[in-house]
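Just below is one structure, and these are the notes that go with it.
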Amino acid sequence: MGEGIQFTVTVIGGFIYAFYESWEVSLIILAVVPLMAGSASFMLTVTTKQTERKNQNYTETGKYMSYIIYLYHISLFVYRI
């Protein structure tokens, strides 16, 4: 919570200082920030979907491996190797 407040105050203070020093550059930055936020949101969505897909694959693989290990232990018990 404290870091969020600190980040917000830093961003607002940075914009105030930027407008004070050069308002033209600040307007360009304000025009570009929504594009950056949109691309970050898109990347977050893509990364989340990929992570969910990988986790699903790992879960399915884990089920098979658990069954294979179970069969291996049974075969060791039955054949007493």
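The conditions of being surrounded by 10 or more Cβ atoms within 10 Å (Cβ to Cβ) and either of a type in the set (S, T, Y) or within 20 Å of the chain's Cα centre (by Cα) (or both) are not met by T59. With the condition kept exactly as written, say whether any residue in the stretch 4-18 is surrounded by 10 or more Cβ atoms within 10 Å (Cβ to Cβ), at pLDDT below 90 and touching a helix residue (DSSP H, G or I) at 6+ places or on another chain (Cβ under 7 Å). Within the stretch 4-18, one or more residues are surrounded by 10 or more Cβ atoms within 10 Å (Cβ to Cβ), at pLDDT below 90 and touching a helix residue (DSSP H, G or I) at 6+ places or on another chain (Cβ under 7 Å). Taking every residue in the stretch 63-77 that is surrounded by 10 or more Cβ atoms within 10 Å (Cβ to Cβ) and assigned to a helix (DSSP H, G or I) and pairing it with any residue that is among the β-branched types (V, I, T) and modelled with pLDDT under 90, at least 6 positions away or on another chain, the pairs with Cβ-Cβ distances below 8 Å are S75/I81.
The values are calculated or read from the model by the stated rules, or taken from the named source; none is laboratory data. The structure displayed is predicted, hence computed values, not measured ones. No Cβ is skipped: glycine too gets one built from the backbone with ideal geometry, and neighbour counts run over all protein chains shown.
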